[in-house]
């Protein structure tokens, strides 16, 4: 009988993978996982250092999510949302609305309606279509809605989502299939042409010298479009950190400024929280006191907090569309949701013969298994015990990353909460990058795998995104492995 690796080589086409290179070596075949640890066919153990491509929150085989799925399996796995409702999806919609409208914020617009779909791409596709048609219905049918997103944007792989993206490596080949969207400068402090600061051994955001030119360019873009008599329909953004662009973090205050500009000039806000949602960008500063629990012990697991789940709320930004996926089910099952307002919803109401219906859908919309997993995941996420663990992990990650600055190939270390991007360069003093053909990021990740740590690079940027159950010792192992891998790969330089 062929081995699993042989079967993979014979039949499986992997995403975002140069298959000629893939077929040259035996792949790591994952057979099981528990907590932050994965196991392969040879019994070797690995730390999951990128949360299984940014999806898993609480760890593999989490007993609470396992139990929720098992209970639902005894009832029904899936029934159609076309013409029927179901219990888990209804309960999940209510919980998502609660999470998307923090009581401490009490700001508008209120997100009240939830459209379920399958993954991050479809969540964005839903928001895009809704914003497009809402704009036509409110500004007039002759309107041709336009969208603005960031340079380096990645919002998924469906045609609409790709049209919002601006990464040539991923999107250029499909140019003939796409509709045109506009882009504006991303606040990439490390390589910003307006940043006059010299390279330091610290996050570039912390020592930047500029006059917020990146904000001024956003304002100019919106103003110019409005002067043409056709204001942008929507501004699409990943809050606090752009993922596939290379883990590009936004300096504090940028998001609030640019979204205020967008709103003032008539644009809707579409927040892509597919990667950043559900606690990835860290806990609020006011929970730091929990790191020293009272004498009575740690908070009980059934205690709940109003700690925000979403990155945009950290800058008091409330979008018109909130798109979530990846961690929605705790990383267990493919499921996504697009949250929006009553105002948007009302534009699609009418008599049957008016055909104002939102003509869009997915076969597995709101499926019971995914919704059950998501409900369990949210319950874990909102417990004070989980928030305390994440706060501790965030503090550990920030401290351990400091050892990497000693390496000359480290150009920038960017961290927002529990998401880290470590940019490799040929010369940190000049920020000279490695050519992508040199496969610097890939070679480092291969060397990390030999040391029992699995992650995937974005070009020359190494991503570290630990699961929320990762211990201090495991975090230290991840970063020690990265340090050793960089020394090994560049020992001849």
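Show me the ranking of peptides 90-98, 139-147, 322-330 by mean Cβ neighbours inside 10 Å, starting with the highest.
Working: 90-98: 17.0, 139-147: 13.6, 322-330: 28.9.
Going from most to least packed, we get 322-330, 90-98, 139-147.
Any chance you could run the full-extension gain for residue 53 through residue 436? It's 0.36 nm times the residue separation minus the Cα-Cα distance, nm to one decimal.
Numbers: separation 383, 0.36 × 383 = 137.88 nm, distance 2.07 nm.
Contour length minus Cα-Cα distance gives 135.8 nm.
Rounded to the nearest 500, the helix-only mean residue ellipticity at 222 nm of the chain stands at -10000 deg cm²/dmol, with each DSSP H run of n ≥ 4 adding -39,500 (n - 2.57).
Take each of the peptides 19-32, 367-380, average the number of other beta-carbon atoms within 10 Å over its residues, and list them starting from the highest.
On the way: 19-32: 11.9, 367-380: 24.1.
Peptide ranking by packing, descending: 367-380, 19-32.
Relative contact order of the range 90-186, taken over Cα pairs closer than 8 Å and 6 or more residues apart, is 22 percent.
The stretch between residue 174 and residue 110 holds 19.4 nm of extra length on full extension. This uses 0.36 nm per residue minus the Cα-Cα distance.
Can you give the FRET efficiency to the nearest 0.05 for residue 342 and residue 257, using r as the Cβ-Cβ distance and R₀ = 30 Å? Please report the intermediate quantities before stating the final value.
Values: r = 27 Å, r/R0 = 0.91.
Calculated transfer efficiency: 0.65.
Can you bin the range 389-432 into rounded, prolate or oblate? Criterion: square roots of the alpha carbon gyration tensor eigenvalues sorted a ≥ b ≥ c, rounded for a/c under 1.5, prolate for a/b above b/c, oblate for the rest. Note, shape of the range 389-432 comes out prolate. Here residue 207 and residue 6 are evaluated by their C-beta separation; at R0 = 41 Å the FRET efficiency comes out at 0.20. Each Cα pair under 8 Å and six or more residues apart adds its separation to the average, and for the chain the resulting relative contact order is 22 percent.
Sort the range 400-462 into rounded, prolate or oblate with this rule: let a ≥ b ≥ c be the square roots of the eigenvalues of the Cα gyration tensor; rounded if a/c is under 1.5, and if a/c is not under 1.5, prolate when a/b is larger than b/c, oblate otherwise. It comes out oblate by the Cα gyration axes. In terms of surrounding Cβ atoms within a 10 Å radius of their Cβ, 203, 427 rank from fewest to most as 427, 203. The mean sequence separation of alpha-carbon pairs under 8 Å and at least six residues apart, normalised by the residue count of the range 410-493, gives a relative contact order of 27 percent.
Between residue 30 and residue 487, the contour length at 0.36 nm per residue exceeds the alpha carbon distance by 161.8 nm.
None of the figures in this text is laboratory data; all of them are computed from the coordinates on show. Fair warning: this is a prediction, and the values are worked out from it, not measured in the lab. All Cβ positions, even for glycine, are placed from backbone atoms using ideal geometry, and neighbour counts span all protein chains on display.
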